[in-house]
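Just below is one structure, and these are the notes that go with it.
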């Protein structure tokens, strides 16, 4: 089934798989949205118990554990059923991403992980596009409001916003990775000192002591290679007790 389209940026599935297989307890895994089933197939080939879910069944691989599920609604699984959940390029399509993250927390065991990939709008390349066009990379022009579709990127996520959604709903980010850095992205490295200067200036104006400490952690991630130059943001978060 190597011909199954991944429908995401190159290497995203590989990096997500690497983060997933770091876990000592992998089974069972929720793959949502499963799409054509490329990531599901990757797990099935390793004899992983994977439960695929999507708004409709378009799987190109047989999986007895498929369920129709709307990511904006209650997920059709029991509390604490999964050890891990994978959401590859799905959260940016949702009307209610906060609800989805809470639902992931519900269906995950305590200590389970949620892996999310989404276009990296924190990259300097994407910020440059936004400066000139008011549109980020991977969302380069206005959406067709006369023909709305679940495929539209209606909720593009910065790292800060995704962290807020996760950390206020029972998760804690452990790792931030990217799928790859395109050669053209290094051109924007000349802006790093200026971005660091202005970010530090803004973050240092914070008056709340605890938030000042959090801001330093956020700044460290923001100026990682993955977020400055990466094409896709890949986050591994763990469900807190």
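Read-outs throughout are calculated quantities, based only on the coordinates presented, and are distinct from any laboratory measurement. Just so you know, these numbers come straight off a predicted model, no measurement behind them. Cβ placement follows ideal geometry from the backbone for every residue including glycine, while neighbour counts extend to all protein chains displayed.
Computed values, structure above
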read-out	value
Only one of 95, 103, 47 that is out of contact with any helix residue (DSSP H, G or I) (no Cβ under 8 Å at 6 or more places or on another chain), touching a residue at least 40 places away in the same chain (Cβ under 8 Å) and closer than 24 Å to residue 36 by Cβ	95
All positions within region 187-236 that are farther than 18 Å from residue 119 by Cβ and not in a helix (DSSP H, G or I)	204, 205, 206, 207, 208, 223
Subset of region 124-156 [touching a strand residue (DSSP E or B) at 6+ places or on another chain (Cβ under 9 Å) and part of a helix (DSSP H, G or I)]	126
Condition met for residue 241 (within 30 Å of residue 23 (Cβ to Cβ) and surrounded by fewer than 11 Cβ atoms within 10 Å (Cβ to Cβ))	yes
Residue count, region 1-34 (criterion: within 24 Å of residue 181 (Cα to Cα) and not in a loop (DSSP other than H, G, I, E, B))	9
Residue count, region 55-67 (criterion: surrounded by fewer than 13 Cβ atoms within 10 Å (Cβ to Cβ) and within 19 Å of residue 44 (Cβ to Cβ))	3
Output for region 1-32, where each listed residue is crowded, with 18+ Cβ neighbours inside 10 Å, within 23 Å of residue 55 (Cα to Cα) and in contact (Cβ under 8 Å) with a residue 60 or more places away in the chain	8, 9, 12, 13, 16, 30
Selection within region 183-222 - under 21 Å from the mean Cα position of the chain (by Cα) and either over 24 Å from residue 10 (Cβ atoms) or surrounded by fewer than 14 Cβ atoms within 10 Å (Cβ to Cβ) (or both)	214, 215, 217, 218, 219, 220
Cross-chain or 6+ apart pairs with Cβ under 8 Å, region 156-175 first and in contact (Cβ under 8 Å) with a residue 60 or more places away in the chain and on the phi > 0 side of the Ramachandran plot, then crowded, with 19+ Cβ neighbours inside 10 Å and assigned to a helix (DSSP H, G or I)	170/105
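Yes or no, residue by residue, for (1) under 12 Å from residue 53 (Cβ atoms); (2) crowded, with 23+ Cβ neighbours inside 10 Å:
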position	(1), (2)
71	yes, yes
76	yes, no
85	yes, yes
92	no, no
97	no, yes
100	yes, yes
105	no, no
109	no, no
